[in-house]
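Report on the structure given below.
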């Protein structure tokens with residue numbers, strides 16, 4: 001039986017309110033924004049036949065991919081916090097993401113890919129592939145020099161880019177189905193707290209094409225991913241401690257012999 005998803009009551013009411021003044025261009029623009037689809041993603045361990053869970057996951061993925069391919073911004077769960085995502089190669093969607101968050105245009109967006117080998121297409125990697133596999137997928141963002149294949153309008157002010165592979169089946173599959181990287185940032189208004197439940201960023205819903213509700217992620221993940229700069233050979237630099245600092249540093253130093261870049265050399 002096909003599962004049908006509806007708009008939330010709150011969004012329907014908002015849409016009706018704004019559409020009652022069609023003569024105003026602002027109202028018309030807001031009406032267009034109110035077509036937000038809030039999709040419930042069933043957890044893998046939910047009760048009920050496995051075929052229902054698989055059907056649910058497929059439908060949510062297909063709807064989200066369609067929105068991304070059309071140039072929209074969506075909200076998605078990850079293994080750390082909820083994020084806003086768009087196609088990294090779509091310059092207009094990137095601009096829209098900054099606008100939605102009210103984010104400073106000189107603050108970078110990360111990219112998200114589905115597999116370790118995808119990183120080599122968009123980044124210039126100076127560490128062993130085994131290091132990437134030890135840290136990814138997981139709650140870590142690795143920063144490298146960008147490759148020429150990556151959209152030059154993404155973080156145009158720097159040659160560096162952070163890349164993520166969340167330890168989250170939905171997100172990995174979403175990247176695989178899009179067949180290109182996603183630009184990824186936290187689902188919140190800039191400078192506000194990160195979010196671990198969809199209702200915590202409800203004020204952004206009307207500006208998004210799809211909101212994927214994957215349930216509560218866990219408050220312990222609110223710090224977000226640990227961000228590590230690996231662009232200098234043999235060195236690492238912690239940009240953001242995040243939620244996996246000690247485990248990440250242990251891998252970098254103990255297993256691969258990297259030393260912390262103090263910036264004084």
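Only the coordinates and a few stated rules stand behind these numbers; no lab work does. Owing to the predicted nature of the structure, the values given are computational and were not obtained by experimental measurement. Positions of Cβ are backbone-derived with ideal geometry, glycine not excepted, and every protein chain shown enters the neighbour counts.
Couple of notes before you dig in:
- Sorting 66, 101 from the fewest to the most surrounding beta carbons within 10 angstrom yields 66, 101.
- Alpha-carbon centroid distance for the pair the stretch 176-234 / the stretch 101-171, whole angstrom: 14 Å
- Considering only the stretch 36-257, percent of DSSP beta bridges that pair antiparallel, nearest 5: 65 percent
- Between residue 176 and residue 126, the simple spin-label model (points 7 angstrom out along Cα→Cβ) gives 3.2 nm.
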